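**Q** Sharing a structure, written as structure tokens. Questions coming.
The values are calculated or read from the model by the stated rules, or taken from the named source; none is laboratory data. What you see is a predicted model; the values in this text were computed from it and never measured. Cβ placement follows ideal geometry from the backbone for every residue including glycine, while neighbour counts extend to all protein chains displayed.
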Amino acid sequence: MARHFELVVFTASLSKYAEPLVAQLDPDGFCAYKLFREHCTFYNNAFVKDLTRLGRRMTDVVIVDNSPIAFMFQPENAIPCISWYDDMADTELDRIATLLEKLAYEEDVRKVIRKVIKNNTIDDKAEQIYLQAQKREHSQKQAEPRRNTATAPESAID
């Protein structure tokens, strides 16, 4: 995904626990920033990931998360995923990756997310319609993906 997006790990876990795991998951440093519980907003007894604190245009921001509470402030920017435990046949992230690669070409990711996410899940039919339309459009013009190139989510680091 680093070819298409600026990647940020944003977890509600404490940094002292999450930092070592993130270091193992991303040894090559593809994630530009790592945000932890201290960067979340505590709201109604929950830690919410307020995406506006990233300092990015919301037209370009996508969060993939298994907790709707985590993205309650910006559900139109969210692609919900199921929790993974130990199913080695799980293909959820592959499916999401296909959708994300197409979103890299969109002027406003929220418009597409509103169409393909229903009841906090990816709507199979809507997703297929979108992906087919994208395939036709992409074959007609070889566009470069839009990539947010801002320097730092400074407001999140305060």
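**Q** Kindly indicate whether Y43 is more than 23 Å from I117 (Cα to Cα) and touching a Pro at 6+ places or on another chain (Cβ under 9 Å). Talk me through it step by step, then tell me what you get.
**A** Details: more than 23 Å from I117 (Cα to Cα): yes; touching a Pro at 6+ places or on another chain (Cβ under 9 Å): no.
When the stated conditions are applied, Y43 does not pass them.
**Q** Turning to a different aspect of this structure: For the subset of the stretch 33-83 comprising residues that are part of a strand (DSSP E or B) and charged (D, E, K, R), which member is nearest to R110 (Cα to Cα)?
**A** Just the residues of the stretch 33-83 that are part of a strand (DSSP E or B), to begin with: 33-35, 41-43, 46-48, 63-65, 78-80.
Among the residues that remain, those that are also charged (D, E, K, R) are: 34, 65.
On the way: K34: 23, D65: 15 Å.
Among them, the one singled out is D65.
**Q** Please indicate, with yes or no, whether at least one residue in the stretch 9-24 is within 24 Å of E76 (Cβ to Cβ) and touching a residue at least 40 places away in the same chain (Cβ under 8 Å). Break it down stepwise before answering.
**A** Let us first name the residues in the stretch 9-24 that are within 24 Å of E76 (Cβ to Cβ), namely 9-12.
Next, from what is left, pick out any that are touching a residue at least 40 places away in the same chain (Cβ under 8 Å): 10, 12.
There is at least one residue in the stretch 9-24 that is within 24 Å of E76 (Cβ to Cβ) and touching a residue at least 40 places away in the same chain (Cβ under 8 Å).
**Q** Which ones in the stretch 66-105 are polar (S, T, N, Q) and touching a strand residue (DSSP E or B) at 6+ places or on another chain (Cβ under 9 Å)?
**A** Of everything in the stretch 66-105, those that are polar (S, T, N, Q) and touching a strand residue (DSSP E or B) at 6+ places or on another chain (Cβ under 9 Å) turn out to be N66, S67, Q74, N77.
**Q** Can you give me the number of residues within the stretch 82-139 that are over 17 Å from I63 (Cα atoms) and not acidic (D, E)?
**A** The number of residues fulfilling the criteria is 17.
Residue-wise test of (1) surrounded by fewer than 17 Cβ atoms within 10 Å (Cβ to Cβ); (2) at pLDDT below 85.
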| site | (1), (2) |
| --- | --- |
| P80 | no, no |
| A97 | yes, no |
| E106 | no, no |
| K111 | yes, no |
| Q142 | yes, yes |
| A150 | yes, yes |
| A156 | no, yes |
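**Q** Can you find even one residue in the stretch 84-93 that is assigned to a strand (DSSP E or B), among the small types (G, A, S) and surrounded by fewer than 18 Cβ atoms within 10 Å (Cβ to Cβ)?
**A** Looking only at the stretch 84-93, we keep the residues that are assigned to a strand (DSSP E or B), and these are none.
No, that holds for no residue.
Results for (1) exposed (fewer than 12 other Cβ atoms within 10 Å of the Cβ); (2) touching a Phe, Trp or Tyr at 6+ places or on another chain (Cβ under 6 Å), shown as yes or no for each residue.
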residue	(1), (2)
R3	yes, no
V8	no, yes
F30	no, no
K34	no, no
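**Q** What single numbered condition from (1) buried (at least 18 other Cβ atoms within 10 Å of the Cβ); (2) over 11 Å from the mean Cα position of the chain (by Cα); (3) under 22 Å from V22 (Cα atoms) fails to hold for S67?
**A** That leaves (1) as the condition not met.
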